1. Mind listing whichever residues of segment B:63-82 are over 13 Å from A:Asn107 (Cα atoms), open to solvent by 70 Å² or more (accessible area, probe 1.4 Å) and more than 9 Å from chain A (Cβ to nearest Cβ)?
2. So A:Thr117 fits all but one of (1) free of Cβ contacts under 8 Å to residues at least 12 places away in the same chain; (2) open to solvent by 10 Å² or more (accessible area, probe 1.4 Å); (3) under 13 Å from the mean Cα position of the chain (by Cα); what number is the exception?
3. Can you tell me which residue in segment A:89-98 is nearest to A:Ile127 (Cα to Cα), limited to those that are free of Cβ contacts under 8 Å to residues at least 60 places away in the same chain and open to solvent by 10 Å² or more (accessible area, probe 1.4 Å)?
4. Does B:Thr41 satisfy being more than 21 Å from the chain's Cα centre (by Cα), surrounded by 15 or more Cβ atoms within 10 Å (Cβ to Cβ) and of a type in the set (Ser, Thr, Tyr)?
5. Taking segment A:54-81 only, how many residues are open to solvent by 40 Å² or more (accessible area, probe 1.4 Å), of a type in the set (Val, Ile, Thr) and touching a residue at least 12 places away in the same chain (Cβ under 8 Å)?
6. On the given criteria, is B:Ala88 over 21 Å from A:Val78 (Cα atoms) and open to solvent by less than 30 Å² (accessible area, probe 1.4 Å)?
7. Could you name every one of the helices (runs of 4 or more DSSP H) located completely within segment A:1-110 that has at least 3 residues being under 14 Å from the mean Cα position of the chain (by Cα), more than 21 Å from B:Leu64 (Cα to Cα) and within 11 Å of chain B (Cβ to nearest Cβ)?
8. Can A:Gly101 be described as open to solvent by less than 10 Å² (accessible area, probe 1.4 Å) and in the same structural domain as A:Lys69 (by TED's automatic domain parsing)?
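The values are calculated or read from the model by the stated rules, or taken from the named source; none is laboratory data. Only a predicted model underlies this, so the values are computations on that prediction, with no experimental measurement involved. All Cβ positions, even for glycine, are placed from backbone atoms using ideal geometry, and neighbour counts span all protein chains on display. Surface areas here come from the heavy atoms of the whole protein model, side chains and all, with no ligands, DNA or RNA. Shrake-Rupley method; radii C 1.70, N 1.55, O 1.52, S 1.80 Å.
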Amino acid sequence: MIALFASLLLFWLLLNGSPAGDVVMVGVAASLSIAFLFRDGLAIFAEWRPRALATTVRYFFFFLKELIKANLNVAKIVLAPSLPLTPGFVKVRTRLKSRMGRLLLANSITLTPGTLTVDMDGEWLYIHWVSVDSAEIAAATAAIVTGFEEYLEVMYG
Amino acid sequence: MDSVLGLLGGLFLIAGAAFLLLGGLGLVRMPDVFNRIQAGTKATTLGTLFGLAGAACLQPDWALKLMLIGLFILFTNPISSQVLARAAHRSHAEKSALTAVDRLEDDQGA
């Protein structure tokens, strides 16, 4: 609950961009009541481990790199006259246990080259892939999930 | 300094617009709803982020707020795409004839 309160207050301060006393007080009151009222529903945001800060930063840059690769990939397909697609739905498995870790994994997969998370069932993710290299679970997992999982495992477990 | 930031901002805006254009082209050219979502999500996310980065270079005062907007987009864009794709799949939206394999349907049929 303290972590939730701190994140909300930080958000408020960044949005306002002013350290004036009354602004901060309103922020503290609002953050405190939200953190208290929604302490269970929003607890998911407090699953992050602060000691993984360095990994989080590295994850962010890795993610940006993948996002740009994803866009060049889409550009290549869209601009090619033949529209080279071999789409399909594959199934992959994640080792991540925490809800936030899985959320970020699914989001990251959606934003990276040619893959889109369609559905989730526990540790199983169903991915739409514009160029299916392998429909086998192990191979698809290695291609789609493993890169992100290494970072997210440290950040959330 | 001003002109360097202005140039950088302009370049960011052009890059963002280019990616958004490619995303739009993808929406027209892709064969089925899932592939369209793919093209749409990635291109709009990066295109918008570049647009925000460009705006931050041109108006440095706004940088923090623009960064927060970017963060919101990074979180919400893929979620909306995922929900759209799931709804499309559940309502048996037409899949391109190219679709090689559908493990999700296989598992749900079982």
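1. The answer is B:Ile69, and nothing else.
2. Of the numbered conditions (1) free of Cβ contacts under 8 Å to residues at least 12 places away in the same chain; (2) open to solvent by 10 Å² or more (accessible area, probe 1.4 Å); (3) under 13 Å from the mean Cα position of the chain (by Cα), the odd one out for A:Thr117 is (2).
3. To start, the set of residues in segment A:89-98 that are free of Cβ contacts under 8 Å to residues at least 60 places away in the same chain comprises A:89-95, A:98.
Cutting the leftovers down to open to solvent by 10 Å² or more (accessible area, probe 1.4 Å) gives us A:91, A:93, A:95, A:98.
Details: A:Lys91: 6, A:Arg93: 10, A:Arg95: 16, A:Ser98: 19 Å.
Filtering first and then ranking leaves A:Lys91.
4. Values: more than 21 Å from the chain's Cα centre (by Cα): no; surrounded by 15 or more Cβ atoms within 10 Å (Cβ to Cβ): yes; of a type in the set (Ser, Thr, Tyr): yes.
Spelling it out, it is not the case that B:Thr41 is more than 21 Å from the chain's Cα centre (by Cα), surrounded by 15 or more Cβ atoms within 10 Å (Cβ to Cβ) and of a type in the set (Ser, Thr, Tyr).
5. Selection size over segment A:54-81: 0.
6. yes
7. Passing ranges, in order: A:99-110.
8. Against the criterion (open to solvent by less than 10 Å² (accessible area, probe 1.4 Å) and in the same structural domain as A:Lys69 (by TED's automatic domain parsing)), A:Gly101 qualifies.
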